[in-house]
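Asker: Structure provided below as structure tokens; questions to follow.
The values are calculated or read from the model by the stated rules, or taken from the named source; none is laboratory data. The structure presented is a predicted model; accordingly, all values stated were derived computationally and were not measured. Positions of Cβ are generated from backbone atoms using ideal geometry, with glycine treated the same way; all protein chains shown enter the neighbour counts. In case anyone asks, the SASA skips ligands and DNA or RNA and just uses the protein heavy atoms, side chains included. Shrake-Rupley method; radii C 1.70, N 1.55, O 1.52, S 1.80 Å.
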Amino acid sequence: MAGPRVIPITPASALPLRELKRRGPKGRRPTEQPLAEVRQLLGDASRQPDLLIEHLHKLQDHFGHLSAAHLSALAQEMRLAQAEVYEVASFYHHFDIVKEGEEAPQALTVRVCEGLSCELAGAQQLLQKLPAILGREVRVLAAPCIGRCEQAPAAVVGQNPIPCATTQKVAEAVKDGAIRHEPEGYIGLSQYRAAGGYQLLEQCLSGRRDVESVLKTMEDTGLRGLGGAGFPTGRKWRIVRNEPGPRLMAVNIDEGEPGTFKDRVFLERDPHRFLEGMLIAAWAVGIEAIYIYLRDEYHGCRAMLQQELARLAAQPPSKGLPRIELRRGAGAYICGEESAMIESIEGKRGMPRLRPPYVAQVGLFGRPTLEHNFETLFWVRELLERGAQWFSSQGANGRKGLRSFSVSGRVRNPGVKIAPAGLTIQELIDEHCGGMAEGHKFYAYLPGGASGGILPASMNDIPLDFDTLQPYGCFIGSAAVMVLSDKDSATAAARNLMHFFREESCGQCTPCRNGTAKALALIQQPKWDVPLLGELSQVMRDASICGLGQAAPNPVDCVIKYFPQELG
């Protein structure tokens with residue numbers, strides 16, 4: 001019987017150069033010019049994989065799009081597979097990939113927000129009129145919520161926001177360039193320090209305050225995470241501190257929930273109050289490095305934050321502060337979910353992780369990670385200075401603490417309203433927003449942004465706080481309150497929100513990917529198939545990986561439950 005066939009293997013060193021090249025990575029080989037352009041743009045910046053999105057932004061900002069040749073060159077320069085670079089670039093809305101043979105997009109893009117508050121204020125009319133006014137040299141796109149709901153309808157010319165946009169305002173900005181003004185009352189580093197800023201941090205770093213007393217105060221305040229999940233802040237600090245080092249911190253300023261803009265408003269005016277709270281949290285937990293994830297729509301905030309971080313680095317309140325890195329989002333609502341944000345910081349697609357393990361145990365780069373929303377950290381200094389009793393003594397209708405409500409829609413004075421936790425929607429409208437807008441009668445409200453559900457005006461006595469809205473199929477989330485009037489309909493609002501969820505689903509799990517699309521198709525019909533929508537809602541809630549798919553049915557379920565008159 002013949003023995004097994006032996007196939008000789010030629011050592012790589014003995015192969016001709018042509019054969020060695022064939023053993024390299026498959027795919028497009030970059031030509032010299034794109035490779036040289038990529039190298040020049042990146043300069044001496046690190047080529048580590050987690051900087052992929054940052055480097056994609058450099059290419060997009062410089063060339064106005066991402067060509068196949070530049071993506072290929074970037075893949076080679078970063079020692080990544082071309083498929084990996086392409087899948088990341090194609091995941092995010094703000095990257096324009098131009099394939100071979102395709103024309104590059106126009107040099108200037110105008111984005112008009114089509115979020116619910118902007119739709120109420122006439123965004124669709126803007127979208128219809130602007131292309132003819134601006135001409136073919138300008139690209140006009142509908143954009144998901146850009147975090148300027150109090151300035152509805154809002155648009156962005158290039159990277160410059162246009163509040164309360166009109167066709168004339170947008171046309172003038174396109175012609176002359178939008179001028180960004182520093183917000184009124186802005187507090188820079190020198191003013192912040194003159195008012196006692198960073199003294200609390202210095203007390204912590206010098207040992208005049210000990211970690212245990214700070215942790216105890218944060219626990220006693222009862223402050224809960226203000227990004228939407230509501231996990232107790234002091235408990236989170238203690239949990240992560242008890243994990244083995246090195247520990248990292250990830251700060252979420254993605255703020256993509258339609259109706260939410262509080263983080264932007266605070267950041268535009270008082271950035272160092274947030275930075276001091278962040279550094280105190282890092283000290284208390286024993287954090288080695290901090291990553292701040294800021295949504296791409298907040299271009300002005302990014303420039304300001306870069307400036308203030310540079311000033312702080314030049315004049316630090318103490319030695320030994322943790323390393324701080326500012327990372328830039330690229331247009332993906334899902335990255336507001338903590339594990340999706342961490343994936344994005346690592347230079348990947350923003351896909352939520354299955355849990356356990358939890359982020360506090362295995363988070364950024366596999367390390368225990370303290371993840372926080374911007375506003376939670378914004379409150380830290382005031383809570384530690386005034387004490388737990390001061391904060392817990394605030395509140396209304398039996399609730400404790402203060403909340404920052406982002407109020408938009410049909411009210412006279414929209415904006416960020418700091419008010420007692422637990423006040424009702426009627427109290428919020430009447431006492432903090434100047435009542436309803438002229439000619440509008442209160443009809444309905446969304447207590448927690450796009451995913452928080454819709455309630456009728458007749459249910460205007462429910463305390464707005466954590467855990468008070470769940471019995472009604474709603475939740476407060478990040479306290480994004482949108483007010484509808486008798487000139488609006490809950491069904492139209494539900495269609496707007498489900499369109500948003502369909503576009504923003506990351507596509508990782510079938511219940512969310514297919515469920516949002518199917519739900520939108522069903523509610524676009526003149527007559528809703530209520531039994532089928534109920535079954536679909538249950539599947540999405542039970543089987544979706546993250547909160548997007550689990551909460552997306554809320555507006556539809558609320559319309560069926562509380563607005564049957566609109567369904568005929």
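Asker: What residue, among those in segment 219-248 that are of a type in the set (Lys, Arg) and touching a residue at least 60 places away in the same chain (Cβ under 8 Å), is most open to solvent (accessible area, probe 1.4 Å)? First the steps, then the outcome.
Answerer: Kept after step one, since they are of a type in the set (Lys, Arg), are these residues of segment 219-248: 224, 235-236, 238, 241, 247.
Still in the running and touching a residue at least 60 places away in the same chain (Cβ under 8 Å): 224, 236, 247.
Values: ARG224: 64, LYS236: 40, ARG247: 45 Å².
Checking each candidate, the answer is ARG224.
Asker: As an exercise: evaluate LYS129 against (1) within 26 Å of the chain's Cα centre (by Cα); (2) open to solvent by 40 Å² or more (accessible area, probe 1.4 Å); (3) at pLDDT 95 or above; (4) under 30 Å from PRO414 (Cβ atoms) and give the number of the one condition it does not meet.
Answerer: It is condition (1) that LYS129 fails.
Asker: Another one. Give me a count of the residues in segment 312-336 that are of a type in the set (A, V, I, L, M, F, W, C) and either in a strand (DSSP E or B) or free of Cβ contacts under 8 Å to residues at least 60 places away in the same chain (or both).
Answerer: 5
Asker: Checking the condition at pLDDT below 95, surrounded by fewer than 17 Cβ atoms within 10 Å (Cβ to Cβ) and not hydrophobic (A, V, I, L, M, F, W, C), which residue from GLY534, GLY568 passes? Let's see the steps before the verdict.
Answerer: Numbers: GLY534 fails: at pLDDT below 95.
None of the other options fit; the residue is GLY568.
Asker: Another question about this same structure. Just to be sure before I move on: is ALA521 at pLDDT 95 or above, closer than 23 Å to CYS149 by Cβ and either crowded, with 20+ Cβ neighbours inside 10 Å or not polar (S, T, N, Q) (or both) in the structure I sent?
Answerer: For ALA521, the condition - at pLDDT 95 or above, closer than 23 Å to CYS149 by Cβ and either crowded, with 20+ Cβ neighbours inside 10 Å or not polar (S, T, N, Q) (or both) - is not met.
Asker: Also, quick follow-up: Could you tell me how many of the residues in segment 271-290 are of a type in the set (Gly, Ala, Ser) and open to solvent by 10 Å² or more (accessible area, probe 1.4 Å)? Talk me through it step by step, then tell me what you get.
Answerer: Residues of segment 271-290 of a type in the set (Gly, Ala, Ser): 277, 281-282, 284, 286, 289.
Filter once more, so that each one left must be open to solvent by 10 Å² or more (accessible area, probe 1.4 Å): 286.
Residues meeting the conditions: 1.
Asker: Looking at segment 537-552 only, could you name the residues that are in contact (Cβ under 8 Å) with a residue 40 or more places away in the chain and part of a helix (DSSP H, G or I)?
Answerer: GLY547, LEU548, GLY549, ALA551
Asker: Same structure again: Kindly provide the set of residues from segment 338-349 that are closer than 16 Å to GLY227 by Cα and open to solvent by 30 Å² or more (accessible area, probe 1.4 Å), ordered by number.
Answerer: GLU338
Asker: Answer yes or no as to whether CYS474 is open to solvent by 10 Å² or more (accessible area, probe 1.4 Å) and touching a residue at least 40 places away in the same chain (Cβ under 8 Å).
Answerer: Numbers: open to solvent by 10 Å² or more (accessible area, probe 1.4 Å): no; touching a residue at least 40 places away in the same chain (Cβ under 8 Å): yes.
No: the conditions fail for CYS474.
Asker: A follow-up question, please. Could you tell me which of the residues ARG18, ARG29, ARG79 is part of a helix (DSSP H, G or I) and either modelled with pLDDT under 95 or exposed (fewer than 13 other Cβ atoms within 10 Å of the Cβ) (or both)? Walk me through it before giving the result.
Answerer: Details: ARG29 fails: part of a helix (DSSP H, G or I); ARG79 fails: part of a helix (DSSP H, G or I).
None of the others qualify; the one that does is ARG18.
Asker: Taking interchain pairs and intrachain pairs at least six residues apart, which have beta carbon atoms under 8 angstrom, with the first residue in segment 391-407 and closer than 9 Å to GLY422 by Cα and the second of a type in the set (Val, Ile, Thr) and in a helix (DSSP H, G or I)?
Answerer: The qualifying pairs are GLY401/THR221.
Asker: Assess whether LEU321 counts as being surrounded by fewer than 24 Cβ atoms within 10 Å (Cβ to Cβ) and over 24 Å from ALA143 (Cα atoms). Before you say what the answer is, go through the steps one by one.
Answerer: On the way: surrounded by fewer than 24 Cβ atoms within 10 Å (Cβ to Cβ): yes; over 24 Å from ALA143 (Cα atoms): yes.
Yes; evaluated as a whole, the condition is true for this residue.
Asker: Tally time: how many residues in segment 283-303 are in contact (Cβ under 8 Å) with a residue 60 or more places away in the chain and either within 22 Å of the chain's Cα centre (by Cα) or not in a strand (DSSP E or B) (or both)?
Answerer: So the count comes out to 10.
Asker: Answer with yes or no whether VAL265 is assigned to a helix (DSSP H, G or I), within 24 Å of LEU464 (Cβ to Cβ) and open to solvent by less than 40 Å² (accessible area, probe 1.4 Å). Outline the logic, then answer.
Answerer: On the way: assigned to a helix (DSSP H, G or I): yes; within 24 Å of LEU464 (Cβ to Cβ): yes; open to solvent by less than 40 Å² (accessible area, probe 1.4 Å): yes.
Yes; evaluated as a whole, the condition is true for this residue.
Asker: Can you confirm whether segment 38-45 contains a residue that is open to solvent by 20 Å² or more (accessible area, probe 1.4 Å) and closer than 27 Å to SER505 by Cβ? Break it down stepwise before answering.
Answerer: In the first step, residues of segment 38-45 are kept if they are open to solvent by 20 Å² or more (accessible area, probe 1.4 Å); the result is 39-41, 43-45.
Still in the running and closer than 27 Å to SER505 by Cβ: none.
There is no residue in segment 38-45 that is open to solvent by 20 Å² or more (accessible area, probe 1.4 Å) and closer than 27 Å to SER505 by Cβ.
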